[in-house]
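Some notes on the structure that comes next.
The values are calculated or read from the model by the stated rules, or taken from the named source; none is laboratory data. All values derive from a computational prediction rather than experimental measurement. Here Cβ is always computed from backbone atoms with ideal geometry, including for glycine, and neighbour counts include all displayed protein chains. Ligands, DNA and RNA are stripped out before the accessible areas are found, and what is left, the full protein with its side chains, is counted by its heavy atoms. Shrake-Rupley method; radii C 1.70, N 1.55, O 1.52, S 1.80 Å.
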Amino acid sequence: MKALRHEARAACGFVERNVNLVKRYWVMEVVWLIYSMANALSVTFIGAGMKQISGQDVNVQRLTLYLLIGTLVWQYLSVVFELVSETIQFERWEGTIEYTLMAPISRFTHLFGATLFSLGYGFLQTALILAVVAGFFHLDLSGANLFGAALVLLAASVSFSGLGVVGAILPLLFPERGVQVVFVIQSVLLVVSGVYYPVTVLPHWMQPLSHLSPATYVLQGMREAILDGAPVVALLPAIGRLFLIGAVLLPGGVWLFGRAERFARRTGRLKRSG
Amino acid sequence: MEAQAVTALELRGAHKTFRPIRWPWRRHDPPPAPGESGETGEADGTKRAVDALVDLSLTVQRGQIYGLLGPNGSGKSTLIRVVSTLIIPDRGEVTVFGHDVLREERAVKRLINRVSVEASFFKKLSPMENLLFGARLYGLDGRTARERATTILRRLHLRERSLWEPMEQMSRGMQQKVAIARAFLTQPILLLLDEPTTGLDPRSKREVQALVTELRREHDATVLLTTHDMQEADELCDRVAIIDHGRIVADGTPAELKARVPVEGREATLEEVFMALTGHGLGEPQAAGDEA
């Protein structure tokens, strides 16, 4: 019980520290939020203007929602993915990683604490963007299965946390270039996951890659739930796949992180750099 | 009857060589010529193998302040990192109060804390925010952590206002004081101090030294201290080891070490002892590795 309380306090410590960092870097956070809102609005306006762009009769309401789901889900997933790996990058730059790794806590607690914050912060940011974007468009969600959409997002949170933990290995081992590789991975996911289009429009050789990305299943599930009002039963395949990916990625990511940490300790790569 | 001595820290044949990592996607230099490995290294410590610790054995008894003297690159920081569980030795055994640093890592981590020569913090956060984070990792609740942090920081004469200002606005000396407070906050029974007073003004240095002796006196802590400051080692340490090229070349009380080097008409200084035993001065950095 005492050990559990210790681990819980440590996990809260990571959340508290990251909240404090957000407060200290609040200008940067506000700037990024404004950019994200502008980006979400720009993408969604493409849907609103599609009739004029194509000269064809299109279902503007459906297209607008289609794009909005893409932009919001991607916003949420990228915040979760980025923040987990950036936490390690930040610790590398500041040189505090040695102190964190020296602390008597499990690596799971360490990464869980970072993940917990990223989920909460990602959700908050996305909700704010949704609130602003909703003010610009008349969104008819009367037929949407919002509960089902929430379940899909929950399952996605697990798998993207796992992906974030795997991504965190890169800055641990390569403080200078690790995060750049994380951005490359993120960019590939953006292209192959069908954030703004169905994956079927991708060239044939790219389509198998979409099956590997958890974002593909989140977007499919969210769109089925919100656009088509699909019941939870119909969403189960997507939810199941996401939980399955999470069940592999999360413990696998923590294990891999542990192996990477051991490698870094064996080769003396934990020293301050940057 | 004299109480039986308890071993706080023991290294037996600890050896660490840093070898260049051969990433499959990078071009590598040709392998070193026979006999070259272990003798030389590039400045970044990555081109050639560097022997940072060479079958090093050391025993520190509970309650001692044990000093490690050596130039840059002699292996002091590697030794501290090995005990801190941050570097895995290639061979040998390292135990802290009987707990093996590899097999009982978590138990060792609960007993130790460390201050390194560079004060590593989240520089945008205040001392209090940094210390609270550190304290939570060691299971302290917020209230206890806040109380202890305030007491220690006041003891180190940190202004009340500074407790909540970003650390980037503080001088290096002040930052180092906060680093010391972070280590003291968790009341470790083995405190690893890696050149803790480097960069501090004389008054701050005195305050830190007083705090170290106080921690030993009041909390029964054992201290492993690396330093370049001979006077500090002389005044603070019960025993001193001189480390050179990853090897302990001498070990004893400051008085014993001084007695080994006869100087006509007076007692030798620790610096003279160091030069006599190693053949070079403390100011001369050694090849690679360190700050290994």
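Just checking, which of A:Glu86, A:Glu91, A:Glu82 is open to solvent by less than 30 Å² (accessible area, probe 1.4 Å) and not small (Gly, Ala, Ser)? Spell out how you get there, then give the answer.
Working: A:Glu86 fails: open to solvent by less than 30 Å² (accessible area, probe 1.4 Å); A:Glu82 fails: open to solvent by less than 30 Å² (accessible area, probe 1.4 Å).
Residue meeting the stated conditions: A:Glu91.
So is A:Arg92 assigned to a helix (DSSP H, G or I), over 12 Å from the mean Cα position of the chain (by Cα) and more than 30 Å from B:Pro166 (Cα to Cα) or not?
Values: assigned to a helix (DSSP H, G or I): yes; over 12 Å from the mean Cα position of the chain (by Cα): yes; more than 30 Å from B:Pro166 (Cα to Cα): no.
No: the conditions fail for A:Arg92.
Consider B:Arg48 carefully, then state whether it is over 25 Å from B:Ala233 (Cβ atoms), touching a Gly at 6+ places or on another chain (Cβ under 7 Å) and surrounded by fewer than 16 Cβ atoms within 10 Å (Cβ to Cβ). Spell out the reasoning first.
Values: over 25 Å from B:Ala233 (Cβ atoms): yes; touching a Gly at 6+ places or on another chain (Cβ under 7 Å): yes; surrounded by fewer than 16 Cβ atoms within 10 Å (Cβ to Cβ): no.
Judged against the criteria, B:Arg48 is not a match.
Check B:Arg81, B:Arg91, B:Arg148 and return the single one that is under 24 Å from A:Thr109 (Cβ atoms) and within 13 Å of another protein chain (Cβ to nearest Cβ). Walk me through how you get there before you give the answer.
Numbers: B:Arg91 fails: under 24 Å from A:Thr109 (Cβ atoms); B:Arg148 fails: within 13 Å of another protein chain (Cβ to nearest Cβ).
The conditions single out B:Arg81.
Within the stretch B:146-163, which residues are under 23 Å from B:Gln209 (Cβ atoms) and open to solvent by 40 Å² or more (accessible area, probe 1.4 Å)?
Of everything in the stretch B:146-163, those that are under 23 Å from B:Gln209 (Cβ atoms) and open to solvent by 40 Å² or more (accessible area, probe 1.4 Å) turn out to be B:Arg148, B:Thr151, B:Arg154, B:Arg155, B:His157, B:Arg159.
Is it the case that some residue within the stretch A:167-183 is at pLDDT 90 or above and under 28 Å from A:Pro237 (Cβ atoms)?
Yes, the stretch A:167-183 has at least one match.
Give me a count of the residues in the stretch B:195-213 that are crowded, with 20+ Cβ neighbours inside 10 Å and touching a Gly at 6+ places or on another chain (Cβ under 7 Å).
So the count comes out to 1.
Does any residue in the stretch A:248-274 that is more than 8 Å from every other protein chain (Cβ to nearest Cβ) and surrounded by 20 or more Cβ atoms within 10 Å (Cβ to Cβ) come within less than 7 Å, Cβ to Cβ, of a residue that is in a loop (DSSP other than H, G, I, E, B) and modelled with pLDDT under 95 six or more places away or on a different chain, and which pairs are these?
A:Ala264/A:Leu270
Tell me which strands (runs of 3 or more DSSP E) are completely within the stretch B:1-94 and hold 3 or more residues being aliphatic (A, V, I, L, M) and modelled with pLDDT of 95 or more, or say none if there are none.
On the way: elements: B:7-18, B:50-61, B:65-69.
Where strands (runs of 3 or more DSSP E) fall fully within the stretch B:1-94 and carry at least 3 residues being aliphatic (A, V, I, L, M) and modelled with pLDDT of 95 or more, they are B:7-18, B:50-61.
Going through A:Val19, A:Val79 one at a time, which residue ends up being under 19 Å from the mean Cα position of the chain (by Cα) and within 14 Å of chain B (Cβ to nearest Cβ)? I'd like the intermediate steps shown before the answer.
Working: A:Val79 fails: within 14 Å of chain B (Cβ to nearest Cβ).
That would be A:Val19, the only listed residue that is under 19 Å from the mean Cα position of the chain (by Cα) and within 14 Å of chain B (Cβ to nearest Cβ).
Being away from chain B (no Cβ under 14 Å), open to solvent by 10 Å² or more (accessible area, probe 1.4 Å), more than 14 Å from the chain's Cα centre (by Cα) and in contact (Cβ under 8 Å) with a residue 12 or more places away in the chain is the requirement here; does A:Ala48 meet it? Show your work before the answer.
Working: away from chain B (no Cβ under 14 Å): yes; open to solvent by 10 Å² or more (accessible area, probe 1.4 Å): yes; more than 14 Å from the chain's Cα centre (by Cα): yes; in contact (Cβ under 8 Å) with a residue 12 or more places away in the chain: yes.
Here the answer is yes, as A:Ala48 does meet what is asked.
Mind checking which residues of the stretch B:180-210 are touching a residue at least 60 places away in the same chain (Cβ under 8 Å) and hydroxyl-bearing (Ser, Thr, Tyr)?
Within the stretch B:180-210, B:Thr186, B:Thr198 meet the criteria.
How many of the residues making up the stretch B:94-106 are of a type in the set (A, V, I, L, M) and at the interface with chain A (Cβ under 8 Å from one of its Cβ atoms)?
Of the residues in the stretch B:94-106, the ones of a type in the set (A, V, I, L, M) are B:94, B:96, B:101-102.
Remaining after also requiring at the interface with chain A (Cβ under 8 Å from one of its Cβ atoms): none.
Here the count works out to 0.
Could you check B:Arg143 against (1) charged (D, E, K, R); (2) at the interface with chain A (Cβ under 10 Å from one of its Cβ atoms); (3) surrounded by fewer than 22 Cβ atoms within 10 Å (Cβ to Cβ); (4) without any contact (Cβ under 8 Å) to a residue 60 or more places away in the chain and say which number it fails?
Only one criterion in (1) charged (D, E, K, R); (2) at the interface with chain A (Cβ under 10 Å from one of its Cβ atoms); (3) surrounded by fewer than 22 Cβ atoms within 10 Å (Cβ to Cβ); (4) without any contact (Cβ under 8 Å) to a residue 60 or more places away in the chain is unmet by B:Arg143, namely (2).
Being in contact (Cβ under 8 Å) with a residue 12 or more places away in the chain, over 19 Å from A:Asn39 (Cα atoms) and in a helix (DSSP H, G or I) is the filter; apply it to the stretch A:189-206 and report the residue that is least open to solvent (accessible area, probe 1.4 Å).
The selected residue is A:Val192.
Out of (1) at pLDDT 90 or above; (2) closer than 24 Å to B:Thr7 by Cα, what's the single condition that is false for B:Leu137?
(2)
Going through the stretch A:72-111 one residue at a time, which ones are among the polar types (S, T, N, Q) and either in contact with a strand residue (DSSP E or B) (Cβ under 8 Å, 6 or more places away or on another chain) or free of Cβ contacts under 8 Å to residues at least 40 places away in the same chain (or both)? Before you say what the answer is, go through the steps one by one.
Applying the first criterion (among the polar types (S, T, N, Q)) to the stretch A:72-111 yields A:75, A:78, A:85, A:87, A:89, A:96, A:100, A:106, A:109.
Matches in the stretch A:72-111: A:Thr96, A:Thr100.
Any residue that is crowded, with 16+ Cβ neighbours inside 10 Å and under 23 Å from B:Leu257 (Cβ atoms) - is there at least one of those in the stretch B:181-188? First the steps, then the outcome.
Step one: filter the stretch B:181-188 for residues crowded, with 16+ Cβ neighbours inside 10 Å, giving B:181-188.
This time we only want the ones that are under 23 Å from B:Leu257 (Cβ atoms), so: none.
No: the stretch B:181-188 contains no residue that is crowded, with 16+ Cβ neighbours inside 10 Å and under 23 Å from B:Leu257 (Cβ atoms).
May I ask you to list the residues in the stretch B:208-220 that are at pLDDT 85 or above and charged (D, E, K, R)?
Of everything in the stretch B:208-220, those that are at pLDDT 85 or above and charged (D, E, K, R) turn out to be B:Glu214, B:Arg216, B:Arg217, B:Asp220.
Do we have any residue at all in the stretch A:142-153 that's of a type outside the set (A, V, I, L, M, F, W, C), touching a residue at least 60 places away in the same chain (Cβ under 8 Å), under 17 Å from A:Met222 (Cβ atoms) and surrounded by fewer than 17 Cβ atoms within 10 Å (Cβ to Cβ)?
Looking through the stretch A:142-153, at least one residue is of a type outside the set (A, V, I, L, M, F, W, C), touching a residue at least 60 places away in the same chain (Cβ under 8 Å), under 17 Å from A:Met222 (Cβ atoms) and surrounded by fewer than 17 Cβ atoms within 10 Å (Cβ to Cβ).
Consider the stretch B:51-92. How many of its residues are on the phi > 0 side of the Ramachandran plot and either open to solvent by 10 Å² or more (accessible area, probe 1.4 Å) or in contact with a Pro (Cβ under 9 Å, 6 or more places away or on another chain) (or both)?
So the answer is 4.
May I ask you to list the residues in the stretch B:110-140 that are of a type in the set (D, E, K, R) and open to solvent by 10 Å² or more (accessible area, probe 1.4 Å)? Write out each step before concluding.
Quick first cut of the stretch B:110-140, residues of a type in the set (D, E, K, R) only: B:110, B:114, B:118, B:123-124, B:129, B:136.
Correct list: B:Arg110, B:Glu118, B:Lys123, B:Lys124, B:Glu129, B:Arg136.
Across the stretch B:116-131, what is the total count of residues that are out of contact with any Phe, Trp or Tyr (no Cβ under 7 Å at 6 or more places or on another chain) and within 7 Å of another protein chain (Cβ to nearest Cβ)? Before you say what the answer is, go through the steps one by one.
Of all residues in the stretch B:116-131, those out of contact with any Phe, Trp or Tyr (no Cβ under 7 Å at 6 or more places or on another chain) come to B:116-119, B:121-123, B:125, B:127, B:129, B:131.
Narrowing further to those that are within 7 Å of another protein chain (Cβ to nearest Cβ): B:118, B:121-123, B:125, B:129.
Number satisfying all stated conditions: 6.
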